[in-house]
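Below: one structure, written as structure tokens.
Only the coordinates and a few stated rules stand behind these numbers; no lab work does. Just so we're clear, the structure is a prediction, and the values are computed from it rather than from any experiment. Backbone-built Cβ (ideal geometry, glycine too); neighbour counts: all protein chains shown.
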Amino acid sequence: MLIDNHNRVLNYLRLAVTDRCNLRCNYCMPSEGINFVKNDQLLSIAELKRVASLSVAQGIDKIRITGGEPFVRKDVMELMRYMSALDGLNDISITTNATLIGPHIDELKALGIKNINVSLDAIDKATFERITRRPHYDTVHENLIRLITEGFNVRINFIVLEGQNEQDILSILEVMRHYPVSVRFLEEMPFNGGSKQFEHIKWNYKAIFEHIKERYPDIKKLVSPVTSTSINYQIKGHQSTFGIIPSFSRTFCGSCNRLRITATGDIITCLYGKPKANLRDLLRQSSDDEVVKKLLQQTVSNRAKTGFEAQQEHQAVFDSSMTSIGG
Ligand code: SAM
Ligand code: SF4
């Protein structure tokens, strides 16, 4: 089992499969993109399989596949097939922009992979395309509705961006009220490849909640798992639920159960911290699984207690882009 130096059990791995993306969301990267790494620096599918299986052998029971955009990677379904047969892995989830998932929906369903987070930061087409800088709203919307109606557990990730999409907070709740979906509003974090810096946000979790409460006074708080990063609610009369994630305020660190491995094999024990080690060379040099497991163990035993503490050791953290970290 992976237990950190603050006695937190890590059972949730966020595994990035690429740093590349076909969108250019303005809160994630500059319009010209970032310096994407060379192909041979990305973990291969065989290496990703090995990471998944060694992690599960150490008590990870939930893996979220992320990126970059996971489906720009042509061989990603090979990893999905492998993971869906992995004993002990109870939950496989995906975070995607839903532009390219369409052709894979049937197979994902057949594999029993049901938990899909779709990033959708506006319900208005023009606003969405301004934020993502690409003309793919119709495809995303179509895939989103298909995923919901085909019975996937869909959560929408909506980053609240000052001056860009706040007018869509209430509209998306209205549009989604008849669907079995959770709309999660996230605080913006300054992981945008250096294109925008800030120390404060207007739309923190309290402001988001107050804004929704003003329009819908009858809101019920839902019971959430202790390790949940979102505070979850339901509006009376809505089939959908909504959540708010204090990703920048970081109120949830005490129960953090997450480990991140980037597409290049960096092990990140806190989103706000420096990568603590890299697995890629070890995976390439050693066929001894015990050595790899040992590195994972060692890495988690030196983990910052909170995102604020981690950030102190890593002053350049906000030069990074979320497409390299994996969200
Ligand atoms: N491309 C996929 C997608 O967009 O869903 C997966 C990777 S993306 C980096 C993972 C998550 O990080 C998305 O939900 C995205 O909205 C979120 N994200 C990216 N940049 C962010 C930022 N600066 N602040 C908060 N969340 C961010
Ligand atoms: Fe791509 Fe996701 Fe970043 Fe948008 S948030 S640019 S979809 S990696």
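Please report, in debye to the nearest 20, how large the charge dipole of segment 2-325 is about its Cα centre when each Lys and Arg carries +1 at its beta carbon and each Asp and Glu carries -1 there. Dipole of segment 2-325, to the nearest 20 debye: 420 debye. The trypsin sites (Lys or Arg not before Pro) of segment 210-249 that DSSP puts in a loop, and whose beta carbon has at most 10 other beta carbons within 10 Å, are 236.
Pick out, from 6, 192, 209, the residue whose Cα sits farthest towards the positive end of the charge dipole of segment 2-325, with +1 on the Cβ of Lys and Arg and -1 on the Cβ of Asp and Glu. Most positive-ward Cα: 6.
A crude spin-label estimate for the pair residue 226 and residue 278, with each label 7 Å from Cα along the Cβ direction, gives 3.7 nm. Calculate for the chain the 222 nm mean residue ellipticity that helices alone would give, adding -39,500 (n - 2.57) per DSSP H run of length 4 or more and normalising by residue count, nearest 500 deg cm²/dmol. When only DSSP H runs of four or more count, the value is -8500 deg cm²/dmol.
About the centre of its Cα atoms, segment 96-181 shows a dipole size close to 200 debye [charges on the beta carbon of Lys, Arg (+1) and Asp, Glu (-1) only; nearest 20 debye].
Coupling constants for segment 165-174 follow from the phi torsions by the Karplus curve (6.51 cos²θ - 1.76 cosθ + 1.60, θ = phi - 60°), and in residue order they are 9, 5, 5, 8, 4, 6, 5, 5, 5, 5 Hz; glycine and proline get x.
Within segment 230-327, the percentage of alpha carbon pairs spaced more than 15 angstrom apart rounds to 68%. Of the trypsin sites (Lys or Arg not before Pro) found in segment 46-82, those in coil by DSSP whose Cβ has at most 12 other Cβ atoms within 10 Å are 74. Evaluated at q = 0.15 Å⁻¹, the base-10 log of the normalised Debye intensity for segment 2-325, with identical point scatterers placed on the Cα atoms, takes the values -1.37. The mean sequence separation of alpha-carbon pairs under 8 Å and at least six residues apart, normalised by the residue count of the chain, gives a relative contact order of 23 percent. Of the residues 255, 117, 127, the one whose Cα sits farthest toward the positive end of the charge dipole of segment 2-325, with +1 on the Cβ of Lys and Arg and -1 on the Cβ of Asp and Glu, is 255. Between residue 47 and residue 6, the contour length at 0.36 nm per residue exceeds the alpha carbon distance by 11.8 nm. For segment 87-170, the list of trypsin sites (Lys or Arg not before Pro) that fall in a loop by DSSP and count at most 15 other C-beta atoms within 10 angstrom reads 133. Using Cβ point charges alone (K and R +1, D and E -1), the dipole size of segment 200-304 about the Cα centre works out to roughly 300 debye.
Here segment 279-327 is treated as an ellipsoid with the same Cα gyration tensor; its semi-axes, largest first and in whole Å, are 26, 16, 8.
3J(HN,Hα) along segment 51-68, derived from phi through the Karplus expression 6.51 cos²θ - 1.76 cosθ + 1.60 where θ = phi - 60°, amounts to 4, 4, 5, 5, 5, 5, 4, 9, x, 6, 10, 9, 10, 9, 8, 9, x, x Hz, with x in place of Gly and Pro. Between the residues 39, 226, 315, the greatest Cα displacement towards the positive end of the dipole of the chain, with unit charges on the Cβ of Lys, Arg, Asp and Glu, is found for 226.
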